Number of protein chains: 2
Amino acid sequence: MDGFPAVYRMAGLPERVSVYEVGPRDGLQAEAAIVDTATKIEFVRRLVDCGLKTVEATSFVAPSRVPQLADAAEVLAGLDLAAARHPVLVPNERGLDRALAAGAREIAVFVSATERFARENLGTDLDGAIRLAEPVVARALAAGLGVRGYVSMCFGDPWQGAVAPAAVAEVVGRLAGLGVQRFSLGDTIGVGTAGQVGALLAAVDRTGVTRDRIALHFHDTYGQALANVIAGLIEGITEFDASAGGLGGCPFAKSATGNLATEDLVWLLRGLGIETGVDLPALAEVSRWLGQRMGRQPNSRVVTALTGR
Amino acid sequence: MDGFPAVYRMAGLPERVSVYEVGPRDGLQAEAAIVDTATKIEFVRRLVDCGLKTVEATSFVAPSRVPQLADAAEVLAGLDLAAARHPVLVPNERGLDRALAAGAREIAVFVSATERFARENLGTDLDGAIRLAEPVVARALAAGLGVRGYVSMCFGDPWQGAVAPAAVAEVVGRLAGLGVQRFSLGDTIGVGTAGQVGALLAAVDRTGVTRDRIALHFHDTYGQALANVIAGLIEGITEFDASAGGLGGCPFAKSATGNLATEDLVWLLRGLGIETGVDLPALAEVSRWLGQRMGRQPNSRVVTALTGR
């Protein structure tokens with residue numbers, strides 16, 4: 001709707017926020033449909049055209065594990081790496097070799113805050129996951145690449161229940177010790193609520209990793225993502241992950257709703273007068289377009305409200 | 001999921017919050033399906049059994065205008081008015097006559113914060129709407145009934161765009177002058193964002209109506225409802241309207257998503273350690289049950305996550 005949202009600031013919030021777009025990687029890897037390479041490239045390029053400055057492009061995971069992203073090198077080859085930041089996920093040294101060969105300039109590594117998820121998802125334990133990340137981080141840094149560390153299950157784990165902030169902080173501290181520069185703390189199953197955000201950040205503070213190195217990654221499985229963003233903004237966080245059109249499901253709940261939709265995040269930030277540089281109606285159209293290609297309704301209330309169901 | 005949400009308090013928020021359930025009235029009046037009287041009565045009773053202390057039961061609007069609620073008197077006759085508060089909406093004196101005859105103990109009146117919506121929805125202007133409310137409020141108070149005033153379009157209007165907080169405050173002040181005791185400020189089209197909540201409440205403060213008389217009524221059309229609840233809690237508001245299973249659409253957007261779902265609200269409040277007295281899994285089951293009766297998916301992320309799609 002024209003003229004909405006109206007802009008009203010809240011005292012003490014940041015002036016600008018970086019939106020870290022994860023749809024092409026975190027979103028598409030969790031969708032049942034396999035999107036063709038040309039559509040993926042067009043999707044990423046159109047996201048950049050909407051003003052998104054960081055679009056995680058793909059993952060150099062084993063194609064046998066995630067067939068949705070088997071074309072990682074081809075996707076990266078189709079992008080203008082000077083026009084925007086296009087980090088790629090790298091699960092191990094083999095993935096790093098492929099990412100380097102494909103010309104990646106930034107990578108992300110992935111560990112869990114919980115032992116049980118490390119076992120279930122990565123087939124190792126927490127120590128093992130960090131040992132796996134160590135040479136990846138070292139070699140990426142030596143090659144001049146930026147390195148982000150995803151920490152999953154920071155708010156809750158489907159097996160262990162609630163996750164203690166101190167356990168997350170310990171993982172952040174260990175990754176920082178390896179040289180990881182920035183961190184994305186993920187509520188992978190979407191169970192976190194607003195008060196937990198401050199408790200988690202207070203625990204991370206004690207590792208010496210400053211808040212300007214922390215991004216928050218919320219899932220909307222229980223509808224809490226934007227309430228948690230408000231809590232993050234109050235705590236001074238200035239980077240949030242989101243997925244265009246809410247791409248990506250949640251593997252551990254009966255809901256199809258996973259990632260926070262970028263459009264819903266940008267609506268909130270615009271209303272708060274916080275600059276993101278994103279053209280919201282254009283972005284909603286991109287999500288609508290991709291949804292039509294995929295035969296899928298966007299999981300974004302803003303997209304639905306703006307473009308119809 | 002067992003053990004979720006984990007409880008983490010945020011400093012400065014209230015200890016307790018009243019959930020004002022509007023599903024049987026505001027929800028059902030906006031649904032295309034007409035629910036039979038026995039199911040409505042069972043729905044309200046089951047909501048009370050879940051611990052909801054206030055369940056707005058129906059509306060004594062003209063049956064020709066809202067056939068969904070044509071059985072208002074029969075619904076009220078089927079309820080135990082001593083077991084919980086069951087306010088009813090009353091649009092005019094004819095409705096009040098019917099509500100009094102049916103034994104209602106609390107009523108709600110309804111006005112718009114904008115001239116244009118008064119014309120489009122009520123067929124009058126703002127002065128006309130308040131003149132219409134005046135004898136209803138006076139007679140209800142004289143009969144010893146509690147009176148709530150709904151003010152709609154407090155954040156935005158589909159024709160006029162953003163609504164100035166001062167315009168809302170003026171309507172609140174005029175209704176308070178008639179003797180209206182409590183107020184529900186509604187974001188009828190769901191366009192409001194968190195900063196607007198504080199600005200609106202600051203404007204209302206200047207009327208002399210204190211915040212313990214104010215409830216906030218958010219719609220989730222753009223996914224902002226819970227972020228706005230956080231802002232309301234920070235501002236000291238202790239009553240929020242919500243609709244079980246997100247019953248009720250939004251008439252002025254392409255989205256089917258209207259009222260904030262009670263389950264999503266209660267999940268947030270539980271996570272913040274704020275007492276509501278509501279049994280959340282039981283409530284999600286009630287919404288699932290009604291959805292099956294109506295052939296409709298609940299519009300609540302918590303219901304979907306807990307009970308499946």
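Separation of segment B:204-238 and segment A:17-91 by C-alpha centroid, Å?
39 Å
What residues qualify as long-range amide H neighbours of B:Ala108, i.e. H under 5 Å apart, gap of 5 or more or another chain, H built at 1.01 Å from N?
When sequence neighbours closer than 5 places are left aside, the close amide H contacts are B:Val88, B:Leu89, B:Val90, B:Arg148.
Mind giving me the nanometre distance, one decimal, between the label points for A:Ala11 and B:Arg16, set 7 Å out from Cα along Cα→Cβ?
2.9 nm
I need the trypsin sites (Lys or Arg not before Pro) found in segment A:36-117, filtered to DSSP loop residues with at most 14 other beta carbons within 10 Å of theirs.
Within segment A:36-117, the qualifying trypsin sites (Lys or Arg not before Pro) (loop, at most 14 other Cβ atoms within 10 Å) are A:Arg65.
List residues of segment B:103-118, by number, whose backbone nitrogen lies under 20 Å from a label position 7 Å along Cα→C-beta of B:Arg131.
What the label zone holds, given the 20 Å backbone N cut-off, is B:109-118.
Putting +1 on Lys and Arg Cβ atoms and -1 on Asp and Glu Cβ atoms, find which of A:Gly177, A:Ala143, A:Gly249 reaches farthest to the positive end of the dipole of segment A:18-307.
A:Ala143
How many nm separate the modelled label positions at B:Ala32 and A:Ala142, each set 7 Å beyond the Cα in the direction of the Cβ?
Here the answer is 6.4 nm between the modelled labels.
Rounded to the nearest 20 debye, what is the charge dipole size of the protein assembly as shown about its Cα centre when +1 sits on each Lys and Arg Cβ and -1 on each Asp and Glu Cβ?
Around 160 debye, computed over the protein assembly as shown.
If you put a point 7 Å past Cα along the Cβ direction, how far is that point for A:Pro281 from the same point in each other copy, in nm, smallest first?
4.8
What dipole magnitude, in Debye to the nearest 20, does chain B give about its Cα centre under +1 on Lys/Arg Cβ and -1 on Asp/Glu Cβ?
Working: 29 positive and 34 negative charges, 20 e Å.
Charge dipole of chain B: 100 debye, to the nearest 20.
At 7 Å along Cα-to-Cβ for each site, give me the label-to-label distance between B:Thr124 and B:Glu285 in nm.
Calculated label separation equals 4.5 nm.
Provide an ascending nm list, one decimal, of label-point separations from A:Leu81 to the equivalent residue in each further copy; define each label point as 7 Å from Cα along Cα→Cβ.
Inter-copy label distances (nm, one decimal, shortest first): 7.4.
Grab the beta carbon distance between A:Arg116 and A:Ala202, set R0 = 22 Å, and tell me the FRET efficiency rounded to 0.05.
0.35
Between copies, how far does the label point of A:Gly295 sit from its twins, in nm, shortest first, when each point is 7 Å from Cα along Cα→Cβ?
Going from nearest to farthest copy, the values are 2.5 nm.
Quick one: Karplus J couplings for segment A:70-77, per residue in order, coefficients 6.51, -1.76, 1.60, θ = phi - 60°, nearest Hz, x for Gly and Pro?
5, 9, 3, 5, 5, 4, 4, 5
Kindly state, to the nearest 0.05, the FRET efficiency for A:Glu275 paired with A:Arg65, given R0 = 30 Å and r defined as their beta-carbon distance.
0.20
Return the percentage of antiparallel bridges among DSSP beta bridges fully within chain A, rounded to the nearest 5 %.
10 percent
May I ask for the percentage of alpha-carbon pairs in the protein assembly as shown that lie more than 41 Å from each other?
So the pairs more than 41 Å apart make up 26 percent of the total in the protein assembly as shown.
Hydropathy first: keep DSSP H helices in chain B averaging at least 1.0 on Kyte-Doolittle, then drop any whose Cα extent along the axis falls short of 15 Å, and list what survives.
Numbers: long enough: B:37-49 (18 Å, 0.00); B:126-142 (24 Å, 0.90); B:165-178 (20 Å, 1.21); B:194-205 (17 Å, 1.28); B:280-294 (21 Å, 0.09).
Long hydrophobic helices here: B:165-178, B:194-205.
If you stretched the chain out fully between A:Glu74 and A:Asp212, how much longer would it get, using 0.36 nm times the residue separation minus the C-alpha to C-alpha distance?
Using 0.36 nm per residue and subtracting the Cα-Cα distance, I get 46.4 nm.
Which far-off residues, 5 or more places away or on another chain, put their amide H under 5 Å from the one on B:Ala162, with H placed in the peptide plane?
Amide H to amide H, under 5 Å and 5 or more residues apart or across chains, B:Ala162 pairs with B:Asp157.
How large is ³J(HN,Hα) for each residue in segment A:15-24, as worked out from phi by the Karplus curve 6.51 cos²θ - 1.76 cosθ + 1.60 (θ = phi - 60°), to whole Hz, x for Gly and Pro?
Each residue of segment A:15-24 in turn: 6, 10, 9, 8, 9, 9, 7, 10, x, x Hz.
Taking H as built 1.01 Å from N, whose amide H comes closer than 5 Å to the amide H of A:Ser184, not counting residues under 5 places away?
A:Gly149, A:Tyr150, A:Val151, A:Ala215
Rule-based calculations on the coordinates, nothing more; no lab input. Everything quoted here is computed from the prediction, not taken from an experiment. Glycine also receives a Cβ, built like all others from the backbone with ideal geometry; neighbour counts cover every protein chain displayed.
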